[in-house]
Amino acid sequence: MIARDQAWQLLTAKLANQNLRRHCLSVEAVMRALAKHFQADTEKWGLVGLLHDGDYEVSKDQPQKHTLLMVEWLKEIDENDPEIISAILSHNFAHTAQNPPQNQLEWSLNCCDELTGLIVAVTLVQPSKKLIDVTVESIMKKWSQKAFAAGVHREQIAACEERLGIPVRDFVTLSLVAMQGIASEIGL
Ligand SMILES: [Fe+2]
Ligand SMILES: [Fe+2]
């Protein structure tokens, strides 16, 4: 398995946009927390989160290529871990028709991907625009307001109940705490 440093190098070489990098860092932090929750491999789950959108800029006009390019780049540096490859592919199965999510790692990525966006949106409407001032209550309130951050697919997040056995509120709590832990790195 590649080291975190090497993964970060690959990510920053391929992804220039700061917000996209921050999104990847957020998903990494939440994935590590979920790995801890499930007593799984925190390094591996973190890498999946960090790298899942690495080809987003390059594939932005060809959504059917999103994740496939990332997997090619990983193979070029001899990263062939089947769980990492499959998990990255699984989050874009809607466009690639490959690898729908099937296990805890893959469902974790699918469920938290959208939630990190909602948490950022809730943070940005706080007067301070700081994660430290965001509460689980404030997120749950915005969760019910469908017009708020309307692009966030609530049902994809809510799948955490059925697929991961974690109630939405607990899933939100775990994710918020994980993101608060890297607040300065993601500028929030
Ligand atoms: Fe993606
Ligand atoms: Fe993503």
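The values are calculated or read from the model by the stated rules, or taken from the named source; none is laboratory data. Nothing here was measured: the structure is a model prediction, and the numbers come from that model. We place every Cβ from the backbone using ideal geometry, glycine too, and count neighbours over all the protein chains shown. The protein model used for the area step is the full one, side chains on, heavy atoms only, and it has no ligands, DNA or RNA in it. Shrake-Rupley method; radii C 1.70, N 1.55, O 1.52, S 1.80 Å.
List of remarks:
- Theoretical ellipticity at 222 nm over the chain - DSSP helices of four or more residues, -39500 (n - 2.57) apiece, nearest 500: -18000 deg cm²/dmol
- Percent RCO, i.e. relative contact order, over region 29-170, from Cα pairs under 8 Å lying at least 6 residues apart: 17
- Legend: residue pairs K36/K142; K36/K129; K75/K129; K44/K65, Cα-Cα distance threshold 30 Å; pairs beyond threshold, K75/K129.
- On Cα atoms only, tilt of 42-51 relative to the major axis of the chain in degrees: 90
- Using a 4.7 Å Cβ-Cβ cutoff, the cysteines of the chain lacking any partner cysteine are C24, C112.
- Here K141 is the anchor, and the aspartates and glutamates within straight C-alpha reach of less than 18 Å, apart from those fewer than 8 places off in the same chain, are E114, D133, E155, D170.
- Centre separation in Å (Cα based) which lies between region 1-50 and region 123-142: 23
- Local electrostatic count at C160 - Lys and Arg +1, Asp and Glu -1, tallied over other residues with Cβ under 13 Å: -4
- A 1.4 Å probe, protein heavy atoms only, puts the accessible area of M1 near 120 Å².
- Approximate spin-label separation V58-T173, in nm, with each point projected 7 Å along Cα-to-Cβ: 4.1
- Compared with the dominant principal axis of the Cα atoms in the chain, helix 104-124 is inclined by about 50°.
- Annotation: extensible slack from H153 through Q9 equals 48.8 nm (criterion: 0.36 nm per residue apart, minus Cα-Cα distance).
- Principal-axis tilt of helix 168-180 within the chain, Cα atoms, nearest 10 degrees: 70
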